[in-house]
Amino acid sequence: MKLPVRYLIVILTFICTSVCYIERVGFSIGYTVAADGAGVNQSSKGTILSTFYYGYACSQVPGGWAAQRIGGRRVLLLSFLLWSLTCALLPLDPNRVILLVVARLLVGVAQGFIFPSIHTVLAQWVPPHERSRSVSLTTSGMYLGAALGMLLLPTLVKFRGPQSVFLAEAALGASWSLLWFKYAIDPKSTASGVGELVLPINKKMDSHNKKILSAKIPWVKILTSFPVWAIVVNNFTFHYALYVLMNWLPTYFELGLKLSLQDMGSSKMLPYLNMFLFSNIGGVVADYLITRRILSVTKTRKFLNTVGFLVASLALVVIPSFRTSGGAVFCSSVALGFLALGRAGFAVNHMDVAPRYAGIVMGVSNTAGTLAGIVGVDLTGKLLEAAKAANSDLSSPESWRTVFFIPGFLCIFSSFVFLLFSTGERIFD
């Protein structure tokens with residue numbers, strides 16, 4: 001069966017995001033086991049876990065620029081090769097702090113180029129009426145990857161040790177790079193006649209494309225646009241909640257609820273599996289509402305974003321009230337699932353307002369999302385260290401209330417910002 005190339009591109013980018021998040025969850029699991037064995041305190045763990053996001057933040061906007069200038073396909077391949085090689089060569093020793101910091105910074109820089117490059121590639125290949133579900137499918141790979149990581153990697157660590165996680169991740173990264181090198185191509189025309197031309201395509205079109213490439217990127221207009229800032233604020237909130245849960249849920253299960261990740265079986269993957277399902281549901285619903293003209297693009301984005309973030313805020317706030325594994329898994333699943341539903345609002349909006357500069361706008365907003373990782377992951381470690389000093393351990397619900405209240409409040413705030421300032425109309429030529 002001959003698959004249309006744009007579908008193959010979307011499938012490959014879906015696998016790409018899956019592998020990236022297996023790597024992120026894998027480091028959290030492997031490092032947590034190694035650090036706990038070495039007696040590293042929670043504040044120090046938070047510092048190491050957040051180091052990745054410093055590198056990730058630094059390369060978001062350069063990633064969008066590089067994808068715009070030399071092509072998302074090439075940048076994506078180079079980024080994957082760099083972080084895969086770093087994982088393969090890194091020895092996991094909690095006592096070698098400087099080496100860990102440098103390695104995590106390097107992996108962060110490399111992965112920071114990935115999502116702006118993906119958005120540039122999708123803006124080329126995917127026509128507007130397929131954008132919601134294509135972007136939702138691609139980004140849902142993050143959650144499937146996180147779910148698979150939570151399901152499989154604790155067992156790998158148990159039998160092969162924490163170092164085995166890095167080798168497995170490097171092998172996955174190398175395998176995807178081979179697939180992308182073999183099958184990914186630049187389009188010979190714009191996506192189904194309606195995509196945005198952002199790269200040189202062939203000799204006949206070179207003179208026209210050079211004008212596009214040499215056109216000045218409207219940085220001032222991008223950075224002073226209220227719709228862009230609505231995306232930025234919601235990206236910050238989404239990633240604050242996601243990164244806090246991704247990096248600290250293992251600690252919450254083990255120290256807050258006194259549960260073993262290995263003994264929890266498949267239940268620990270349910271929050272991320274829920275994100276995978278709800279992300280795709282959001283994309284299908286959004287495209288249905290738009291193509292059937294039930295709601296405008298603007299109203300569709302606002303509706304899904306608001307529903308997703310408000311339900312997530314409630315689920316986040318009540319997590320510490322449930323003292324069983326079932327209750328905690330249910331609440332975290334609802335929170336992450338509805339956050340993923342909200343991505344059919346703000347996360348696709350880059351391509352609505354600035355299809356030609358989708359990689360640039362994605363880089364700007366993802367920088368904010370990455371700063372959320374830096375702030376949220378590190379702050380959570382300090383909050384828990386303070387709570388441990390006050391309560392003598394972390395098994396009390398009070399030790400965790402502030403940790404989950406902060407992203408819950410941010411969800412409410414950012415949903416109102418998106419309602420007030422977002423638009424589904426194109427605002428950049």
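Pull up the stretch 319-335, narrow it to residues that are open to solvent by less than 50 Å² (accessible area, probe 1.4 Å) and without any contact (Cβ under 8 Å) to a residue 40 or more places away in the chain, then point me to the one that is nearest to residue 423 (Cα to Cα).
Result: 331.
Name the residues in the stretch 67-83 that are within 22 Å of the chain's Cα centre (by Cα) and open to solvent by 80 Å² or more (accessible area, probe 1.4 Å), would you?
Pass one, the stretch 67-83, residues within 22 Å of the chain's Cα centre (by Cα): 67-68, 71-83.
Across the stretch 67-83, the qualifying residues are 74, 78, 81.
Condition check: open to solvent by 10 Å² or more (accessible area, probe 1.4 Å) and touching a Ser or Thr at 6+ places or on another chain (Cβ under 6 Å). Does residue 8 satisfy that? Spell out the reasoning first.
Details: open to solvent by 10 Å² or more (accessible area, probe 1.4 Å): yes; touching a Ser or Thr at 6+ places or on another chain (Cβ under 6 Å): no.
No: the conditions fail for residue 8.
Can you find a residue that is open to solvent by less than 50 Å² (accessible area, probe 1.4 Å), in contact (Cβ under 8 Å) with a residue 12 or more places away in the chain and closer than 19 Å to residue 141 by Cα anywhere in the stretch 306-318?
Yes, that holds for at least one residue.
Might you check whether a residue that is in a helix (DSSP H, G or I) and at pLDDT below 85 occurs anywhere in the stretch 98-117? Break it down into steps so the answer makes sense when it comes.
Step one: filter the stretch 98-117 for residues in a helix (DSSP H, G or I), giving 98-112, 114-117.
Subset that is at pLDDT below 85: none.
Checking the stretch 98-117: not a single residue is in a helix (DSSP H, G or I) and at pLDDT below 85.
Kindly check whether there is at least one residue in the stretch 413-420 that is assigned by the TED database to the domain that holds residue 235, without any contact (Cβ under 8 Å) to a residue 24 or more places away in the chain and under 24 Å from residue 222 (Cα atoms).
Start the filter on the stretch 413-420 by keeping residues that are assigned by the TED database to the domain that holds residue 235, which leaves 413-420.
When the remaining residues are screened for being without any contact (Cβ under 8 Å) to a residue 24 or more places away in the chain, the result is 416.
Within this subset, residues satisfying the condition of being under 24 Å from residue 222 (Cα atoms) are 416.
Yes, because at least one residue in the stretch 413-420 is assigned by the TED database to the domain that holds residue 235, without any contact (Cβ under 8 Å) to a residue 24 or more places away in the chain and under 24 Å from residue 222 (Cα atoms).
Select, from 346, 416, 338, 404, the only residue that is out of contact with any strand residue (DSSP E or B) (no Cβ under 7 Å at 6 or more places or on another chain), surrounded by fewer than 24 Cβ atoms within 10 Å (Cβ to Cβ) and either of a type outside the set (S, T, N, Q) or within 25 Å of residue 251 (Cα to Cα) (or both). Please lay out each step first, then the result.
Numbers: 346 fails: surrounded by fewer than 24 Cβ atoms within 10 Å (Cβ to Cβ); 338 fails: surrounded by fewer than 24 Cβ atoms within 10 Å (Cβ to Cβ); 404 fails: surrounded by fewer than 24 Cβ atoms within 10 Å (Cβ to Cβ).
Exactly one residue qualifies, and that residue is 416.
Here is a yes/no grid of residues against (1) assigned to a helix (DSSP H, G or I); (2) open to solvent by 60 Å² or more (accessible area, probe 1.4 Å); (3) at pLDDT 80 or above:
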| residue | (1), (2), (3) |
| --- | --- |
| 199 | no, no, no |
| 240 | yes, no, yes |
| 258 | no, yes, yes |
| 262 | no, yes, no |
| 273 | yes, no, yes |
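Out of all the residues in the stretch 84-104, is one or more open to solvent by 40 Å² or more (accessible area, probe 1.4 Å), β-branched (Val, Ile, Thr) and either touching a Gly at 6+ places or on another chain (Cβ under 7 Å) or closer than 30 Å to residue 268 by Cβ (or both)? Give the derivation first.
Step one: of the stretch 84-104, the residues open to solvent by 40 Å² or more (accessible area, probe 1.4 Å) are 85, 88-89, 91, 93, 95-99, 101-102.
Retained after the next criterion (residues that are β-branched (Val, Ile, Thr)): 97-98, 101-102.
Cutting the leftovers down to either touching a Gly at 6+ places or on another chain (Cβ under 7 Å) or closer than 30 Å to residue 268 by Cβ (or both) gives us 97, 101.
The answer is yes, given that some residue of the stretch 84-104 is open to solvent by 40 Å² or more (accessible area, probe 1.4 Å), β-branched (Val, Ile, Thr) and either touching a Gly at 6+ places or on another chain (Cβ under 7 Å) or closer than 30 Å to residue 268 by Cβ (or both).
Please count how many residues of the stretch 375-423 are at pLDDT 90 or above and part of a loop (DSSP other than H, G, I, E, B).
The number of residues fulfilling the criteria is 2.
In the stretch 152-173, which residue that is under 23 Å from the mean Cα position of the chain (by Cα) and open to solvent by 50 Å² or more (accessible area, probe 1.4 Å) is farthest from residue 86 (Cα to Cα)? Reasoning before the result, please.
Within the stretch 152-173, the first condition is being under 23 Å from the mean Cα position of the chain (by Cα), and the residues that meet it are 152-154, 165-173.
Going one step further and asking which of them are open to solvent by 50 Å² or more (accessible area, probe 1.4 Å), we end up with 152, 167, 171-172.
Working: 152: 22, 167: 10, 171: 12, 172: 13 Å.
Taking the candidates together, the pick is 152.
Could you pull out the residue among 373, 363 that is within 28 Å of residue 47 (Cα to Cα) and touching a Ser or Thr at 6+ places or on another chain (Cβ under 7 Å)? Before the answer, list the steps.
Details: 363 fails: touching a Ser or Thr at 6+ places or on another chain (Cβ under 7 Å).
Result of the check over 373, 363: 373.
Could we say that residue 113 is among the aromatic types (Phe, Trp, Tyr), open to solvent by 10 Å² or more (accessible area, probe 1.4 Å) and within 16 Å of the chain's Cα centre (by Cα) here? Please lay out each step first, then the result.
Details: among the aromatic types (Phe, Trp, Tyr): yes; open to solvent by 10 Å² or more (accessible area, probe 1.4 Å): yes; within 16 Å of the chain's Cα centre (by Cα): yes.
In short, yes.
Is it the case that the stretch 176-184 has a residue that's farther than 30 Å from residue 129 by Cα, at pLDDT 85 or above, surrounded by 15 or more Cβ atoms within 10 Å (Cβ to Cβ) and among the aliphatic types (A, V, I, L, M)?
As a first pass, look at the stretch 176-184 and keep what is farther than 30 Å from residue 129 by Cα: 178.
Cutting the leftovers down to at pLDDT 85 or above gives us 178.
Retained after the next criterion (residues that are surrounded by 15 or more Cβ atoms within 10 Å (Cβ to Cβ)): none.
No, because not a single residue in the stretch 176-184 is farther than 30 Å from residue 129 by Cα, at pLDDT 85 or above, surrounded by 15 or more Cβ atoms within 10 Å (Cβ to Cβ) and among the aliphatic types (A, V, I, L, M).
If residue 39 meets every condition in (1) surrounded by 23 or more Cβ atoms within 10 Å (Cβ to Cβ); (2) not in a helix (DSSP H, G or I); (3) not hydrophobic (A, V, I, L, M, F, W, C) apart from one, which number is that one?
In the conditions (1) surrounded by 23 or more Cβ atoms within 10 Å (Cβ to Cβ); (2) not in a helix (DSSP H, G or I); (3) not hydrophobic (A, V, I, L, M, F, W, C), residue 39 misses (1) alone.
What is the one condition in (1) open to solvent by less than 10 Å² (accessible area, probe 1.4 Å); (2) more than 26 Å from residue 364 (Cα to Cα) that residue 64 does not satisfy?
The single condition residue 64 does not satisfy is (2).
Quick one: in the stretch 368-397, which of the residues that are crowded, with 24+ Cβ neighbours inside 10 Å and among the β-branched types (Val, Ile, Thr) is farthest from residue 295 (Cα to Cα)?
380
With respect to residue 304, determine if the residue is over 19 Å from residue 145 (Cβ atoms), assigned by the TED database to the domain that holds residue 418 and either at pLDDT 95 or above or not in a loop (DSSP other than H, G, I, E, B) (or both). Write out each step before concluding.
Working: over 19 Å from residue 145 (Cβ atoms): yes; assigned by the TED database to the domain that holds residue 418: yes; either at pLDDT 95 or above or not in a loop (DSSP other than H, G, I, E, B) (or both): yes.
For residue 304, the condition - over 19 Å from residue 145 (Cβ atoms), assigned by the TED database to the domain that holds residue 418 and either at pLDDT 95 or above or not in a loop (DSSP other than H, G, I, E, B) (or both) - is met.
State yes or no: is residue 144 surrounded by fewer than 17 Cβ atoms within 10 Å (Cβ to Cβ), in a helix (DSSP H, G or I) and of a type in the set (A, V, I, L, M)? Give the steps one after another, and end with the answer.
On the way: surrounded by fewer than 17 Cβ atoms within 10 Å (Cβ to Cβ): no; in a helix (DSSP H, G or I): yes; of a type in the set (A, V, I, L, M): yes.
No; evaluated as a whole, the condition is false for this residue.
Out of (1) modelled with pLDDT under 85; (2) over 18 Å from residue 18 (Cβ atoms); (3) surrounded by 21 or more Cβ atoms within 10 Å (Cβ to Cβ); (4) under 24 Å from the mean Cα position of the chain (by Cα), what's the single condition that is false for residue 191?
The one condition residue 191 does not meet is (4).
The values are calculated or read from the model by the stated rules, or taken from the named source; none is laboratory data. None of these values were measured; they are calculated from a predicted model. Using ideal geometry, Cβ is built from the backbone for each residue, glycine included, and neighbour counts are taken over all protein chains shown. We work out accessible area using only protein heavy atoms, side chains counted, and drop any ligands, DNA or RNA first. Shrake-Rupley method; radii C 1.70, N 1.55, O 1.52, S 1.80 Å.
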